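A.B. asks: Structure provided below as structure tokens; questions to follow.
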Amino acid sequence: MILLSLTITIPTAFLWHRDRRPPRGSCQSCGYNLTGNVSGVCPECGAAA
Ligand SMILES: [Zn+2]
């Protein structure tokens, strides 16, 4: 059932990869919520917000 596995795995991997990017207002590196953050630096990973 290799074909069945691929038809499930490929779309799942595609969606997962696409959704990896955090929404606006969150750190683009780690997804930490930066709402209200005024330092311009993510406190979680140190990336520029
Ligand atoms: Zn971060």
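Coordinate-derived values only; no laboratory data. Treat the numbers as computed from the prediction; the structure is a model and nothing was measured. As a convention, Cβ positions derive from the backbone with ideal geometry for all residues, glycine included, and neighbour counts pool all protein chains shown.
A.B. asks: May I ask you to list the trypsin sites (Lys or Arg not before Pro) in region 1-36 that are in a DSSP loop and have at most 10 other Cβ atoms within 10 Å of their Cβ?
C.D. replies: Arg20, Arg24
A.B. asks: Shifting gears a bit: Return the Rg/Rh value of the chain, two decimal places, where both radii are evaluated on C-alpha atoms and Rh is the Kirkwood radius.
C.D. replies: Reported Rg/Rh (Cα atoms, Kirkwood Rh): 1.29.
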